[in-house]
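What follows draws every value from the coordinates through simple rules; no lab data is involved. The shown structure was predicted, so the numbers you read here are calculated from the model rather than taken from an experiment. Virtual Cβ from ideal backbone geometry, glycine too; neighbours counted across all protein chains shown.
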Amino acid sequence: MLYDALIGPFTEFEFMRRALAAVIALALAGAPIGVFLMLRRMSLVGDAMAHAILPGAAVGFLLSGLNLFAMTAGGLVAGFAVAILAGVVARSTGLKEDASLATFYLASLALGVTIVSIKGTNIDLLHVLFGNILAMDDQTLLVVAFNATVTLLVLAVIYRPLVIESVDPLFLRTVSRAGGPAHLAFLALVVINLVNGFQALGTLLAVGLMILPAGIARFWSRDLTAMICIAVTAAAVSGYAGLVLSFQTRVPSGPAIILVATVLYIVSVLFGRVGGIVRQLFPGRHLEA
Amino acid sequence: MAALHFHNVTLGYDRHPAVHHLSGEVAPGALVAVIGPNGAGKSTLLRGIVGILKPLDGTIHLGGLDARDIAYLPQSAEIDRSFPISVFDFVGTGLWRGTGLFGGIGKAARDKILRAIGAVGLSGFENRPIGTLSGGQMQRVLFARVLLQDASLIVLDEPFNAIDAKTITDLLALVRRWHGEGRTVLAALHDMEMVRNHFTETLVLARGPVAWGPTAEVLTPENLLVAMRMCEAFDDSAAACAADDISSRAA
């Protein structure tokens with residue numbers, strides 16, 4: 001009975017296996033990115049970037065229909081353009097990164113909506129906005145896995161400068177020029193993972209599988225490595241449980257995954273070891289030193 | 001050869017000078033205090049030296065030093081203390097010059113980090129997140145990192161602000177140790193007594209240099225008065241500076 005509910009769907013249906021593989025790949029790559037977004041106080045930047053991707057994906061969609069390759073390529077181009085332009089403007093002028101990004105993503109979003117409304121009245125567009133992880137073909141799955149692999153490799157390369165830049169950017173600037181490139185590479189990774197996520201979760205929810213696990217991790221550890229591991233686990237568990245939930249009920253898969261993550265988040269806020277509400281209300285007797 | 005050479009340096013923001021027409025040099029191994037009222041351009045000058053602010057005019061020669069040979073301790077407000085990083089890891093970033101992007105932290109490096117943490121009196125704090133430290137402890141951590149940077153030019157921006165006497169004594173001992181090892185040390189300071197007792201050379205700054213030389217000769221009431229009266233006015237519609245007329249400006 002329990003087997004039928006929890007494991008049965010995956011042994012029985014290939015699309016469920018594909019979806020599970022995809023969501024695990026997304027968790028492995030997206031959650032660490034989310035942790036850094038959160039620690040660098042850029043949580044909403046991910047959201048902004050998700051909007052920035054829209055015109056690229058829309059152009060890809062209009063040129064070749066619901067071809068995920070074309071939409072991915074378009075999304076990457078648009079996302080990179082916005083991320084890099086915003087990064088360059090912020091670094092070469094005094095403008096804060098968020099202000100600079102807001103400008104570019106709004107422009108990009110307006111462009112996207114324009115493109116869509118000129119030529120589209122399509123139901124398939126719902127697909128772009130909310131994704132469909134259950135409709136993954138082999139090709140798409142390979143793209144997702146490839147992007148996840150690239151993300152982990154690049155993250156390994158820029159890990160040290162990225163950490164130092166987050167804690168003490170001025171220090172990194174005085175000892176190395178790696179800060180700027182590391183930051184731009186990080187923004188690129190954000191874009192790659194958003195595009196990766198929107199095939200499964202849609203442009204609007206893609207950022208959810210990055211930020212929510214990061215938020216969960218913050219309540220369980222004070223150590224960066226542990227936080228990343230917890231975030232990845234939380235994302236994978238949300239993905240699996242969301243798929244099961246979606247299979248057993250009529251909830252669409254994308255929202256189901258994010259809703260499960262939300263439940264985990266609420267539990268963490270309440271019972272988390274680090275700064276959870278219950279912990280704060282009943283902290284126990286104070287220590288000796 | 002001088003460790004540092006200023007040629008008619010003007011540093012500032014948005015064309016407005018904060019340090020105006022500074023010339024002079026710092027000998028290798030010198031122990032220099034930079035003093036002056038708030039807004040005199042002390043921090044700006046130090047930022048210019050470490051290369052994070054480009055001069056509006058003139059040049060700063062580092063006497064062949066690479067950016068990596070400089071250790072810079074800014075005012076600590078710019079550090080994100082909420083980031084989850086331990087004292088050990090944070091101090092360890094001081095080894096960047098040797099490790100770079102990928103270099104491993106081996107046994108020798110670990111010992112070095114532990115010794116540096118011990119040298120600033122924080123043994124036992126290695127695994128504490130930096131967010132849990134007091135202001136004085138954080139300053140000790142920053143000194144430990146400077147210690148690890150093993151730099152031949154050390155630039156300290158108001159390193160003893162809001163620090164208790166005991167910590168100041170400990171950290172000053174480190175500064176003297178660096179001086180003894182032949183490193184060049186520049187520090188922006190406010191405590192005249194400390195400057196008089198511990199620093200051999202002093203630059204009194206009030207946008208332009210008011211006086212520069214051996215501390216005993218420079219640290220006179222007259223010079224300090226001149227510096228205090230420094231025109232703090234920021235003129236939005238100031239004309240482009242034409243002359244090198246520093247003396248009239250200071251007086």
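Note on segment A:132-289: semi-axes of the ellipsoid equivalent to its C-alpha gyration tensor, largest first and rounded to whole Å, are 29, 27, 10. Annotation: peptides A:81-89, B:141-149, ranked by per-residue average of other Cβ atoms within 10 Å with the highest first, follow the order B:141-149, A:81-89. With a 10 Å cut-off around each Cβ of A:174-182, the average count of Cβ atoms from other chains is 4.
Take each of the peptides A:140-150, B:80-90, average the number of other beta-carbon atoms within 10 Å over its residues, and list them starting from the highest. Walk me through the numbers on the way to the answer.
Values: A:140-150: 18.2, B:80-90: 19.7.
Per-residue mean Cβ counts within 10 Å order the peptides as B:80-90, A:140-150.
A full extension of the chain between A:Val267 and A:Thr233 corresponds to an added length of 10.7 nm, given 0.36 nm per residue minus the alpha carbon distance. Its residue count N sets the reference 2.2 N^0.38 Å, and the alpha-carbon radius of gyration of the protein assembly as shown equals 1.17 times that reference. Per residue of peptide B:80-89, the mean number of Cβ atoms on other chains within 10 Å of the residue Cβ is 5.
Partners of B:Lys42 within straight-line reach, counting lysines whose Cα lies under 28 Å from its Cα and excluding those fewer than 8 residues away in the same chain: A:Lys96, B:Lys54, B:Lys166. In the elastic network of chain A, a GNM with C-alpha springs shorter than 10 Å, the most mobile of A:Ile277, A:Ile33, A:Ile211 is A:Ile277. As a calculated quantity, the FRET efficiency between A:Val157 and B:Ala67 at R0 = 22 Å, using C-beta atoms, amounts to about 0.50. Volume per residue for segment B:1-130 equals 160 cubic angstrom (convex hull of Cα atoms). Taken along the Cα-to-beta-carbon direction at a fixed 7 Å, the label points for B:Arg176 and A:Ser43 span 5.0 nm. For B:Met194 and B:Ser82, the difference between the fully extended length at 0.36 nm per residue and the C-alpha to C-alpha distance is 37.1 nm. The simple spin-label model puts a point 7 Å past each Cα toward its Cβ; for A:Phe13 and B:Leu114 those points are separated by 5.7 nm. Listed by number, the DSSP H helices of chain A that run 20 Å or longer by alpha-carbon position along their axis and have mean Kyte hydropathy of at least -1.0 are A:14-39, A:68-92, A:97-119, A:138-167, A:179-201, A:224-248, A:253-271.
Tally the DSSP beta bridges in the protein assembly as shown and give the antiparallel ones as a percent, rounded to 5. Before the final figure, lay out the partial values.
Working: 18 of 35 bridges.
Taking every DSSP beta bridge within the protein assembly as shown, about 50 percent pair in antiparallel fashion.
Projecting the Cα atoms of A:Leu184, A:Val244, A:Gly56 onto the charge dipole of chain A, computed from C-beta unit charges around the Cα centre, puts A:Leu184 farthest toward the positive end. Per-residue extension of 0.36 nm, minus the Cα-Cα distance of B:Asp57 and B:Glu217, leaves a gain of 54.7 nm for this segment. Packing, taken as the mean count of other beta carbons within 10 Å per residue, orders the peptides A:182-193, A:35-46, A:103-114 from highest to lowest as A:182-193, A:35-46, A:103-114. Restricting the calculation to alpha carbons of chain B gives Rg and Dmax of 18.9, 59 angstrom.
For A:Glu12, B:Glu126, what's the fewest-to-most ordering of other Cβ within 10 Å of each Cβ? Please list the in-between numbers first.
Numbers: A:Glu12 11, B:Glu126 17.
Going from least to most buried by this count: A:Glu12, B:Glu126.
Taking label positions 7 Å along the Cα-Cβ direction at both A:Tyr3 and B:Ser134, the computed distance is 6.3 nm, reported to one decimal. A Cβ-based charge dipole, computed about the Cα centre of chain A with Lys and Arg at +1 and Asp and Glu at -1, lands at about 700 debye.
What is the average number of partner chain Cβ atoms found within 10 Å of a Cβ in A:256-266? Intermediate results must be reported in sequence, preceding the final value.
Numbers: counts 0, 0, 0, 0, 0, 0, 0, 0, 0, 0, 0.
Shielding by partners across A:256-266 averages 0.
Between segment B:7-58 and segment A:248-280, the C-alpha centres lie 53 angstrom from each other.
Could you work out the helix-only [θ] at 222 nm for the protein assembly as shown, with each DSSP H run of four or more residues adding -39,500 (n - 2.57) and the total divided by the number of residues, to the nearest 500 deg cm²/dmol? Mind dumping the intermediate values first?
On the way: 25 runs with 319 residues, N = 540.
Per the formula, -18500 deg cm²/dmol.
Here chain A is treated as an ellipsoid with the same Cα gyration tensor; its semi-axes, largest first and in whole Å, are 30, 28, 16.
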